[in-house]
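Before any comments, here is the structure.
Here, each number is a calculation from the coordinates, and none is a lab measurement. What you see is a predicted model, and the numbers here were worked out from it, not measured in a lab. Every residue, glycine among them, receives a Cβ derived from its backbone with ideal geometry; neighbour counts consider all protein chains shown.
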Amino acid sequence: MRFAWLSRDAPQLELLRIGLGLALLASFVPLSPHVGELYGDDGWVSREAFETVRLAHGWYSAFAWCHGSTTLMLLHTAFLTTAVAFTMGWAVRWVKWPLWLFYVSYLNRNPALVYGVDLLIANLLFIVCIAPIGRWPAAGADAVEWPSGPRAGVCLALVRWQMAVVFFFTAVQKLRGELWWSGTAVWVALNNREFSHTAITDVLAEHFWLVNVATHGALLFELSYSFLIWGRRTRLWMVSGAIAFHLSTAAFFGLYLFAWVAIVGHLSFVPARLIEAVRIQARRKCVTVTSKPAPAAS
């Protein structure tokens, strides 16, 4: 196995930057009308409770210096502005660290809203921040200067290990549950109206063996992913399986944000040459479309 830090180019980091930026915008733009309710002094978590927990655990949060609705909206606007710049590749060198600090501030201000995908975003965003990113090519660019060198390679390796470790310990945690051993965990999840967004339980009730296959299959895939993803012959199969796995969780359980973040994380295993080939092919198609002569006027 080649060491990741010996890679010449790491376009996967740019894909991850764009994917994380879109995830942040999709999460926080809809929350803008409810910022005061969720993060204000009189919101879900009062300032007194927030300060008590923050000081006890030593948590950082820009909201510690944010008083009043006006300051709160200014902070939220600054966060969204940095997220847009980060996603579009504008002055990434200057906005990436403030963006990460803003995001951590939100997580620490209202821990009641935090769940697994938030921690995954925070970890991946930190790795992207220490990487040499922000070089996605312009629309008409032929030559591309992808993130490269030892720092880019090490950051790419950290992203890959992050995804492998998350999958592995997710499976280990499931092994502690009796429902996963009995093969009924998927059935219970599908009947939980808080998460389930489909009406296929009648079909599964008639063919309950599908539930057993789905439950044990998901568990087996998560366990094997952490090991088979490193093999050259099995890597693309594992990435394809992971994408299909997360698309199914989005379709059946409405976990759209988690699915998106996980998929862009799994794309870190896609070979750089394949990403470059797709980019070149897409550019050729765009050039072909734009260069077609306009139909003659009758």
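Observations, loosely collected:
- Of the residues 156, 223, the one with the fewest other Cβ atoms within 10 Å heads the list, and the complete ranking is 223, 156.
- Calculated volume of the Cα convex hull per residue in Å³ (choose from (i) 140; (ii) 209; (iii) 187), label: (ii)
- Along each principal axis, taking the top coordinate minus the bottom one, the Cα set of segment 8-148 gives 55, 27, 23 Å in descending order.
- Residues residue 59 and residue 209, FRET efficiency given R0 of 41 Å [Cβ-Cβ distance, rounded to 0.05]: 0.30
- Where labels lie 7 Å past Cα in the beta-carbon direction, separation of residue 119 and residue 251 in nm: 2.9
- Scanning the chain for GluC sites (Glu not before Pro) in DSSP loops with at most 12 neighbouring Cβ atoms within 10 Å leaves 1-144 as the longest stretch between them.
- Segment 8-148, relative contact order [Cα under 8 Å, separation at least 6], %: 34
- Relative contact order for the chain, counting Cα pairs under 8 Å that sit 6 or more residues apart, in percent: 24
- The slack between residue 51 and residue 234, meaning 0.36 nm per residue of separation minus the straight C-alpha distance, is 61.0 nm.
- The mean sequence separation of alpha-carbon pairs under 8 Å and at least six residues apart, normalised by the residue count of segment 152-275, gives a relative contact order of 31 percent.
- Label-point gap, in nm, between residue 278 and residue 26 - each point 7 angstrom along Cα→Cβ: 1.5
- Net lengthening on full extension, residue 182/residue 74 (0.36 nm per residue, minus Cα-Cα): 33.8 nm
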